[in-house]
Structures are given as structure tokens and as C-alpha cells.
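First the structure, in the form of C-alpha cells, and then the observations on it.
Read the figures in this text as sums done on the coordinates, not as results from a lab. All values derive from a computational prediction rather than experimental measurement. Please note: Cβ atoms are built from the backbone with ideal geometry, for glycine as well, and neighbour counts cover all protein chains shown.
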Amino acid sequence: MKTALITGGAVRIGAQIVKTLHESNYRVLVHCHQSKEKAQTLCDELNAKNSNSAEVVCADLNSVSQINKLSDEIESLDLLINNASVFYPTPLSSATHDDWDNLINVNLKAPYFLATELSKKLTISNGSIINIVDIHSERPLKNHSIYSISKAGLKMLTLSLAKELAPNVRVNGVSPGSIVWPQNKGAISDNEKRVILDRVALKRQGKPKDIAEAILFLVRSDYITGQIINIDGGRTLNQ
């Protein structure tokens, strides 16, 4: 049984990635920060199907020391999924240094240092890294400049790591379009949702399973590295 670490794996797209990998005979390390109860519930559900196949790992991805501690506690690894992400608007008139640190640290800095800290273990297993990027890594989203910058950096990180870690570790990315609506500070109105879907060629929202299945494709395709697949229903055709 191979082992996968999925950051932000307790809820939403992350939880579906966890379930899909588990169904494909992966032992899953479900990372969380504030969603420990949901992460434990998910792992309990998976362990009921296959004992000792799921484990909760907690770390604040804003903290380099906690990233290092998490990496040190993992004995072996075949797959790293950098899924954890922070999303909310940062208009230029109100953006703060704390906003910059929060968005850049979680969305870009953490994937970089997790990859570097875990690269030796991934090399031993000829493993792979998959980063969950965003279609706005290519075209910025208005009033979300810091978020867009962080995802553009993650796209370049994916390409850079593919060169740095070859030939032993493959590195790819998946860029979601509209899959699940943002929550909390990032929530949008019903009218904004309609505008987004009007720009999608397939005229419908995607599902978390669409992202998880794209990840499985990349994991199983051992002659692909340095590639980023848009899973957006054709939205980038109309951006």
C-alpha cells in the first residue's frame, strides 16, 4: 500500500481526493489545521473499511517549524498533494501585510517547503507531487491580487520542481475552475455565481470528483511531468 499526504484533506475538494486515493489502495495522511474533528471523522470512516489505512496529521502551514515537524514525522511517502489553500478578496485599497503573509504562506511557501523537506523520501519511492493550482494562475481575478499571485507562483513552482526533482520524482499540477463555491470571507453572491457559469463552455459547475480523477490520471501516467491540467469545463476559453 502506497502512502499519500493530502494537505487540507478534511473537507471539500481535499476530502474527495482523500476518498478517491483511498479507494485506489493508498494509505492516506489527512492533513488539517482547524478541521481536526472533520478529519478524524473522515479517517474513522476510511479505517472502518480498511484498518490502519488513514491517519490525521495536524500542522499550521503558516509555520515553518510545524511544516518541518510534519515532514520529520512521515517515515515514507509516495505521493504529496498540495491541496490546502486560502481564498478571499484583497482589494488594493484594503489589503494588509497579514493578508499577504497568510495567502502567500499557505498557498505557495508551504508547498515549496513541504516538497523540499519530503523530496528525499519521495525520491526513494520514485514518487510524485501534485499541486492544486488554479485557472487564475494564468489570468488574475479582480480584487484577488494576492491570491492570484500566490497561485501564479505555485504554477511556476510546479514547473521548477519538475526540473529540480527529475528523474526520480514527477511533479504536476491540476488547475480547477468552478468546482465548489468559496465560503466564509471568499463567499460570492448568486448573481456572481451566474456570471461565472455563463462563462463556462459546458454551462455547469464541476465536481470535486473531477479534480480527484485528474489527480489519479497524473499519478498513474509515469511519463508525464511538468504539466498542469485545467479542469474548468472550458471556462478559460472565455476568460
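Between Asp190 and Ala95, the FRET efficiency estimated from the beta carbon spacing at R0 = 22 angstrom works out to 0.25. What the Cβ-Cβ distance of Leu197 and Glu164 gives, at R0 = 35 Å and to the nearest 0.05, is a FRET efficiency of 0.35.
GNM on the chain, alpha-carbon springs under 10 angstrom: the most fluctuating residue among Gly226, Gly186, Gly177 is Gly186. Only the Cβ atoms of Lys and Arg (+1) and of Asp and Glu (-1) were treated as charged; on that basis the dipole of the chain about its Cα centre amounts to roughly 640 debye. A simple rule links phi to the HN-Hα coupling: the Karplus curve 6.51 cos²θ - 1.76 cosθ + 1.60 with θ = phi - 60°, which for region 139-145 gives 10, x, 9, 4, 6, 10, 4 Hz, with x for Gly and Pro. Bridgeable lysines around Lys38 (alpha carbons under 17 Å apart, same-chain partners fewer than 8 residues away excluded): Lys19.
Remark: region 205-222, residue by residue, has Karplus-estimated 3J(HN,Hα) of 7, x, 10, x, 4, 4, 6, 4, 5, 5, 4, 4, 4, 5, 4, 7, 9, 7 Hz, where x stands for each Gly or Pro and the curve is 6.51 cos²θ - 1.76 cosθ + 1.60 at θ = phi - 60°. For the pair Thr116 and Asn238 in one chain, pulling the backbone fully straight at 0.36 nm per residue adds 40.3 nm over the alpha carbon distance. Over region 144-230, all Cα pairs binned in 5 Å intervals from 0 give whole-percent P(r) values of 3, 12, 18, 19, 20, 14, 8, 5, 1, 0, listed from short to long. Remark on Gly9: its backbone amide H falls under 5 Å from those of His31, a criterion applied only to residues 5 or more positions apart or on other chains, H modelled at 1.01 Å from N. About its Cα centre, the dipole of region 153-213 is roughly 80 debye, where the only charges are +1 on Lys and Arg Cβ and -1 on Asp and Glu Cβ. Using the empirical formula 2.2 N^0.38 Å as the baseline, the Cα radius of gyration of region 64-142 reaches a ratio of 1.29. Determine, at each q value in 0.11, 0.16 (inverse angstroms), the log₁₀ of I(q)/I(0) that the Debye formula gives when each Cα of region 1-105 is one equal point scatterer. Scattering profile of region 1-105, log10 relative to I(0): -0.37, -0.69.
Just grab the label-to-label distance for Ile74 and Met1, each label 7 Å out from Cα along the Cβ direction, in nm (one decimal). Label at Ile74, label at Met1, 1.7 nm between them. Once both axes come from the Cα atoms, what is the angle between helix 64-73 and the longest principal axis of the chain, in degrees from 0 to 90, rounded to 10? Helix 64-73 and the main axis of the chain meet at about 40 degrees.
Rounded to the nearest whole Hz, the Karplus-based 3J(HN,Hα) values (6.51 cos²θ - 1.76 cosθ + 1.60, θ = phi - 60°) of region 113-119 follow the sequence 6, 5, 5, 5, 5, 9, 4, with x at glycine and proline. Given the chain, what whole percent of its Cα pairs are spread farther than 29 Å? In whole percent, the share of Cα-Cα pairs in the chain beyond 29 Å is 24. Summarising the label geometry, the points placed 7 Å from Cα in the beta-carbon direction at Gln40 and Leu141 lie 3.2 nm from one another. Taking each DSSP H run with n ≥ 4 as -39500 (n - 2.57) and averaging over every residue of the chain yields -13500 deg cm²/dmol at 222 nm. Between 0 and 90 degrees, the angle of helix 12-23 with respect to the longest Cα principal axis of the chain falls at about 30 degrees.
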